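Trainee: Once you've had a glance at the structure underneath, I'll fire off some questions.
The values are calculated or read from the model by the stated rules, or taken from the named source; none is laboratory data. This structure is a prediction, so every number in the text was calculated from the model and none was measured. Cβ coordinates were reconstructed from backbone atoms using ideal geometry, including for glycine residues, and neighbour counts include every protein chain displayed. We work out accessible area using only protein heavy atoms, side chains counted, and drop any ligands, DNA or RNA first. Shrake-Rupley method; radii C 1.70, N 1.55, O 1.52, S 1.80 Å.
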Amino acid sequence: MGEYSAAQKEAMKKEAGIAACDFVKSGMKVGLGTGSTVKYTILELGRRIREEHLDIEGIPTSDATELISIEQRIPLLNWEECTGLDIVIDGADEFDPNLNLIKGGGGALLREKIVAESSGGMVVVADASKQVDILGTFPLPIEVNPYGWEQTRRRIQQQCEGDVIVREKVQGDPFFTDNGNLILDAHFGPNIDAPLDLESALKEIAGVVEVGLFNEMADIVVLADPDGCQMIRKDQARI
Ligand code: 5RP
């Protein structure tokens, strides 16, 4: 929990999650991210649909988000009928001064990246504990195909000085993503100073399905700290 109490962190998540809804207007197709911060965004969008007649359609980035969205009565699209989204709002595990991200703490990185790539703008919702100078304190999630994952791990390990650990649901029981893949958490440490190069190198490994580095994708971070909310906007942000 870093320097913040659990209650402070929850309050920051809620503030950022709700503030990000200002970017959503009627008529938009919205990517709905995954995690405990963007959950507040989804709850607020649901409230606005019910109480203020906000007219949007969403695409969820995980089964968990799909469930919450249905509960909130947010109309959902599928990819057959949707060729692109206006905006995605999603959380992050870390963001650096260039707004490059580590994502995948919740294991939804593949769908999150497909949705982010398909969106006209990306808003990240974060509490102050997610802001870093250099990425990598948070272990980098890498989604891998279960076939030969041990060998995939060895190849990832050649690029990572720290441990590369298969994520478990409970001890001895691996975590499977919504896509039936495994997650390897790579403990790089705070030294990912060339995230684009690292992403390319890891994606050259055959068993790697997706890497939790979201480089040059985020336009704005809605950052909550105990004193309030601020918007960190990238140069030439699309939104
Ligand atoms: C899920 C993610 C989440 O967005 C990320 O882990 C942040 O989650 P939270 O808001 O719960 O801290 O990438 O795959």
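Trainee: Of all DSSP beta bridges located in the stretch 1-140, what percent are antiparallel, nearest 5?
Mentor: Working: 2 of 16 bridges.
In the stretch 1-140, DSSP labels about 10 percent of beta bridges as antiparallel.
Trainee: Quick one: pull the percent of accessible area on the chain belonging to carbon and sulfur, 1.4 Å probe, ligands and nucleic acids left out.
Mentor: Details: 5310 of 11300 Å².
Using a 1.4 Å probe with all protein chains present, the chain comes out at 47 percent carbon and sulfur.
Trainee: If the limit is 19 Å between Cα atoms, which of Lys103/Lys203; Lys29/Lys203; Lys39/Lys130 go over it?
Mentor: Numbers: Lys103/Lys203 16 Å; Lys29/Lys203 29 Å; Lys39/Lys130 17 Å.
From the list (Lys103/Lys203; Lys29/Lys203; Lys39/Lys130), the Cα-Cα distance tops 19 Å for Lys29/Lys203.
Trainee: Here is a follow-up. Counting Lys +1, Arg +1, Asp -1, Glu -1, what net charge surrounds Gly31 among other residues with beta carbon under 14 Å of its beta carbon? Before the final figure, lay out each step's value.
Mentor: On the way: positive: Lys29, Lys103, Arg111, Lys113, Arg238; negative: Glu57, Glu66, Asp86, Asp90, Glu112, Glu117, Asp219.
Summing Lys and Arg as +1 and Asp and Glu as -1 gives -2.
Trainee: Give me D for the chain in µm² s⁻¹, whole number, from Stokes-Einstein with Rh from the Kirkwood sum over alpha-carbon pairs, 25 °C and 0.890 mPa s.
Mentor: The estimated diffusion coefficient comes to 136 µm²/s.
Trainee: I'd like to check one number: the per residue accessible area of the stretch 140-210, probe 1.4 Å, reported in Å² as a whole number. Mind showing how you got there, number by number?
Mentor: Working: 3950 Å² over 71 residues.
Dividing the accessible area of the stretch 140-210 by its residue count gives 56 Å².
Trainee: So between Ser200 and Arg154, what do we pick up on full extension, going 0.36 nm a residue minus the alpha carbon distance? If you can, show how the numbers build up before the last one.
Mentor: On the way: separation 46, 0.36 × 46 = 16.56 nm, distance 1.71 nm.
Here the answer is 14.8 nm.
Trainee: Over the stretch 147-239, what relative contact order in percent results from Cα pairs under 8 Å that are six or more residues apart? Don't skip to the answer; put the middle values down first.
Mentor: Values: 90 pairs, mean separation 19.1, N = 93.
With pairs under 8 Å counted, the relative contact order is 21 percent.
Trainee: Filter the GluC sites (Glu not before Pro) in the stretch 22-124 down to the DSSP loop ones having no more than 13 other Cβ atoms within 10 Å, then list what survives. Could you put the intermediate results ahead of the total?
Mentor: Numbers: sites: Glu44, Glu51, Glu52, Glu57, Glu66, Glu71, Glu80, Glu81, Glu94, Glu112, Glu117; in loops: Glu80, Glu81.
The qualifying sites are Glu80, Glu81.
Trainee: I need two numbers for the stretch 140-210: Rg to one decimal and Dmax as a whole number, Cα atoms only, in Å.
Mentor: 11.7, 34
Trainee: Could you tell me which trypsin sites (Lys or Arg not before Pro) in the stretch 172-239 are loop residues by DSSP with no more than 13 other beta carbons within 10 angstrom of their beta carbon?
Mentor: Sparse-neighbourhood loop trypsin sites (Lys or Arg not before Pro): Arg238.
Trainee: Using DSSP to call loops (not H, G, I, E or B), can you name the trypsin sites (Lys or Arg not before Pro) in the stretch 2-77 whose Cβ has at most 11 other Cβ atoms within 10 angstrom? If you can, show how the numbers build up before the last one.
Mentor: Numbers: sites: Lys9, Lys13, Lys14, Lys25, Lys29, Lys39, Arg47, Arg48, Arg50, Arg73; in loops: Lys25, Arg73.
Counting only loop positions with at most 11 other Cβ atoms within 10 Å, the trypsin sites (Lys or Arg not before Pro) in the stretch 2-77 are Arg73.
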